[in-house]
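Below: one structure, written as structure tokens.
The values are calculated or read from the model by the stated rules, or taken from the named source; none is laboratory data. These figures come from a predicted structure and were not determined experimentally. Cβ atoms come from the backbone with ideal geometry, glycine included; neighbour counts cover every protein chain shown.
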Amino acid sequence: MKSIGFIPLRQGSKGIPGKNKKKLLGRPLFCWVVGEAIASELDEVFIYTDDTEIIDFINREYQWTKKIKTVQRSEASASDTATTELAIQEFIENEQPEFDVFCLLQATSPFTVAADINNCLKAVVNKSSYDAALTVVNTHRFTWNNNGTASNYDFMSRPRRQDFEGQLIENGACYVTTKKAWRESNNRISGKIATIKMPEDSLTEIDSLTDWLIVEELLAARLKKQKQSSRISHLILDVDGVFTDGCVYYSRDGEVMKKFDMRDGMGLEILRQNHVEVIVMTSEDSQIVASRMKKLKIKDVFLGVKDKYSLLSRIIAQRDLDFSQIAYIGDDVNDMANICAAGWSFAPANATMEIKRHADLVLSNHSAAGAIREACEFIMKYNDRFNHNFT
């Protein structure tokens, strides 16, 4: 059975202007669900938007996969009054995609992971008795009606949390329906519906800047909680503000000079001799950087990367690695997700405060002044100790 994903994105947002493109842990908000959709068992994923910047971004950043496709959305279906069902209906009628199962994913639910999507798909595909599935949260909060009556418990016999079953609340993350059920109802869910539970933090909605800060902290905490101890096999580095001092020297003809530290280069060479591979990823597309990395004989150099977490996740999947085997050095907001997720993360002494707050280790040295060399020496000592303890 063919399953397709559908991610509707609107250009306008009243609560948080430009919300879909605003960076959450250094990634545009919509990238969190796009990355998980790619990793899921969905056969195709359609980004349906009226924002040409998002279309350009998707086509540029995700050209490595054939799974993602962008479709221009009409103004009518992207208005403040238009429903998601209208957007789905417009998409199906105009594009006529082939599918047996349709999966609606909401970009404003960054806690969605591939396993949640797959669980919804399995409920419908593998259990033929279900026509649809949606994600929910089992909350143990006591709820009340407007008329002053309790709706889900007896306040005269208040239960303990461990004895209270709670209630299921729709979290708006993922909805799955069969083609047949959609045709009959024109609704994201209908018929016999399965409920798929997600963690309680996924209930947090992003309607204000305060919500945004809360979600960012929760997301960072989730990534950090997954960290495990392992031998470091790969060191991944940003360039500007890590290899360099963060300054760029321009002439009227463009970029002409960056400052690098020769001791960093020697540290990386010694690290590779100790069987740690080195990878460079930077948002800039600089010939100076390309030339310097060639001089250092670093083969894995990725230039012009705007979604570094997506690239890191792909490298890990393709090379059969784990985040615990990765060390990462970054200095600014677009490194944030990788800083939180890598087994070991480092920040130069002159990195931004936000990065230093999330990094496992803030280095004593500044960028382009021995920070990379310091990290290399730490990794070699760490690996020696790890190998001694586990052999």
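Residue-wise test of (1) assigned to a strand (DSSP E or B); (2) in contact (Cβ under 8 Å) with a residue 12 or more places away in the chain.
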residue: I288; (1), (2): no, yes
residue: R292; (1), (2): no, yes
residue: V301; (1), (2): yes, yes
residue: S310; (1), (2): no, yes
residue: I316; (1), (2): no, no
residue: L321; (1), (2): no, yes
residue: C340; (1), (2): no, yes
residue: A349; (1), (2): no, yes
residue: K356; (1), (2): no, no
Please work out if I193 is touching a Pro at 6+ places or on another chain (Cβ under 9 Å), in contact (Cβ under 8 Å) with a residue 60 or more places away in the chain and hydrophobic (A, V, I, L, M, F, W, C).
no
Residue among A327, A375 that is surrounded by 16 or more Cβ atoms within 10 Å (Cβ to Cβ), touching a Phe, Trp or Tyr at 6+ places or on another chain (Cβ under 7 Å) and either part of a strand (DSSP E or B) or of a type in the set (F, W, Y) (or both):
A327
Going residue by residue through segment 45-62, is there one that turns out to be within 20 Å of K308 (Cα to Cα) and without any contact (Cβ under 8 Å) to a residue 12 or more places away in the chain?
yes
Pick from E85, E36: which is part of a helix (DSSP H, G or I) and more than 17 Å from the chain's Cα centre (by Cα)?
E85
With the condition kept exactly as written, say whether any residue in segment 138-155 is surrounded by 19 or more Cβ atoms within 10 Å (Cβ to Cβ), part of a helix (DSSP H, G or I), at negative phi and not charged (D, E, K, R).
no
Here is a list: T178, T204. Which entry is under 24 Å from the mean Cα position of the chain (by Cα) and farther than 18 Å from T83 by Cβ?
T204
Given the criterion in the same structural domain as N20 (by TED's automatic domain parsing) and over 27 Å from the mean Cα position of the chain (by Cα), identify the matching residue among A76, A107.
A76
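Rundown of residues vs (1) hydrophobic (A, V, I, L, M, F, W, C); (2) touching a His at 6+ places or on another chain (Cβ under 9 Å); (3) touching a residue at least 40 places away in the same chain (Cβ under 8 Å), yes/no style:
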| position | (1), (2), (3) |
| --- | --- |
| E200 | no, yes, yes |
| D211 | no, no, no |
| L219 | yes, no, yes |
| S229 | no, no, yes |
| T244 | no, no, yes |
Is it the case that segment 264-281 has a residue that's out of contact with any Phe, Trp or Tyr (no Cβ under 9 Å at 6 or more places or on another chain) and in a strand (DSSP E or B)?
yes
Restricting to segment 44-66, count the residues that are outside any helix (DSSP H, G or I) and surrounded by fewer than 17 Cβ atoms within 10 Å (Cβ to Cβ).
4
